Amino acid sequence: MFKRFVYVFVVVFCIFIIVGVDDIFAHQPAIGEPIGVVLHTDIRVFIDAIEIEGFNINDYTYVVAEDLVAFGMDVAWDGDTSSLYIVRGSFNTEPPKVDANQNHPGSFAFFFVHTEIVTYIDGNLVQSFNVDGRTVVRVDDLAAAFGNVFWDERNRLVLLHLEPLPQSEETVQFVTSQFMVFNEGNRHGIVNLVGDVIVPAVYSQNEIRMLYNLTKLDMPMQIALGDWFGDLRESLPRHIPLRIIDILTGIEYNVASFSNGNHADVEPVTANDTELMFATQPASWTGRPVIVVFDDRAYVAAIHTMPHDVVHIRDNNLDGHICLHFNGSTQHISPNAVYAREINQAYEVAQKFLRYFGK
């Protein structure tokens, strides 16, 4: 009887093992095989006040890894190991345009498929998916590595705030020179008038353009990061012109400050200054990385172009004032620093400029 029981047990166990193994192998998805669905969502995703495309997967919010280049991250691909690495790094100045979602929330958007790609954020392995041929990562994983994420339930917003990158106290020395940008096929860089390559094609074309904009400036002075709540708030002049240099375009215009509180409330000095400001971008809350010059001093900063609230100058064709933010400055109603990404971007470009043009 005992032998018969053992025999039956062994047979059943073997069948279980065989069926179980076959079942496991049968359910191993092939690369590219759909393994789940992505749903349309009414949730909007912002990284430091700039909107980015978001996806709903298993009730979590995901963003496209490649889009993160626009937000101060390097996204590197290692083909030998099928690995994607995301770290804080250089800046791209053209975030992808986000179209309003016209689809019903909760409806089918895409399949996400099985992929051999493994993804690391700041050296840590995270879950990622292939959605419509793109790798997506979870916003929560980005926040764990680089900042904080907040959920605005009333407005259905996911707000990711990146911690500012550590900055050195090194200032940047500008020199007066004449250079030009070259573009030859996929190559680009900066050369001097005799054709010597000064800045090789190691940066994006946007960075090359910003560096070139700085070479056109006749400013033999230093440019500092500064600290708004240190001595900068008290030393920033009021009611006199401040020189604003938009490093993305090279356009210059003048503003005057009327209030140095949590940040500087400023207005273009003349109608021509307003026209030049709007040439950098239409009226928008999006911050622009700029350099501010006054009293033979210069600091990196960020400025938006959306006129609002109180008017001080009546004949500058601007109905309201705009806000100028320096390192560490905040909004009136919030203790959180704003436009840190744009301020860091300006400082990073200035440091790169020093590398090639500094004395």
For this session: Please tell me the relative contact order of region 227-346 in percent, rounded to the nearest whole number, where contacts are Cα pairs under 8 Å and at least six residues apart.
Result: 26 percent
Exercise. Once Rh is set to the Kirkwood radius over Cα pairs, what Stokes-Einstein translational diffusion coefficient, in µm²/s, holds for region 233-343 at a temperature of 25 °C and a viscosity of 0.890 mPa s?
Worked result: 180 µm²/s
Seminar exercise, completed: Counting only protein heavy atoms and rolling a 1.4 Å probe, one gets per residue an accessible area for region 263-359 in Å² of 41 Å²
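Cα convex hull of region 282-336: how many Å³ per residue?
Working: hull volume 6.3 nm³, N = 55.
About 114 Å³ per residue, rounded to a whole number.
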Exercise. Put a dot 7 Å past each Cα toward the Cβ at Ile117 and Val87; how far apart are the dots in nm?
Worked result: 1.9 nm
Problem set entry | Hz values of 3J(HN,Hα) by residue in region 204-215 - Karplus curve (6.51, -1.76, 1.60), Gly and Pro given as x | 5, 4, 5, 5, 4, 5, 5, 4, 5, 4, 5, 5
For this session: Please give, to one decimal in nm, the separation of the simple spin-label points placed at Asp140 and Val181, each 7 Å out from Cα toward the Cβ.
Result: 4.2 nm
Seminar exercise, completed: Expressed as a percent, the accessible surface of region 255-359 that is carbon or sulfur, using a 1.4 Å probe and the full set of protein chains, is 49 percent
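At a Förster radius of 35 Å, what calculated FRET efficiency corresponds to the Cβ-Cβ distance of Val197 and Glu66, to the nearest 0.05?
Working: r = 29 Å, r/R0 = 0.83.
Efficiency for this residue pair is about 0.75.
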For this session: Just reorder Leu248, Leu84 by solvent-accessible area, largest first, 1.4 Å probe, all chains present.
Result: Leu248, Leu84
Exercise. Over all pairs of distinct alpha carbons, what does the Kirkwood formula give as the hydrodynamic radius of region 32-154, in Å?
Worked result: 15.0 Å
Seminar exercise, completed: Order by accessible surface, 1.4 Å probe, largest leading, for residues His161, His325, His312, His104 comes to His104, His312, His161, His325
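The values are calculated or read from the model by the stated rules, or taken from the named source; none is laboratory data. Keep in mind it's a predicted model, so treat the numbers as computed, not measured. Every residue, glycine among them, receives a Cβ derived from its backbone with ideal geometry; neighbour counts consider all protein chains shown. Please note that ligands, DNA and RNA were not included when accessible areas were found on the heavy atoms of the full protein model with its side chains. Shrake-Rupley method; radii C 1.70, N 1.55, O 1.52, S 1.80 Å.
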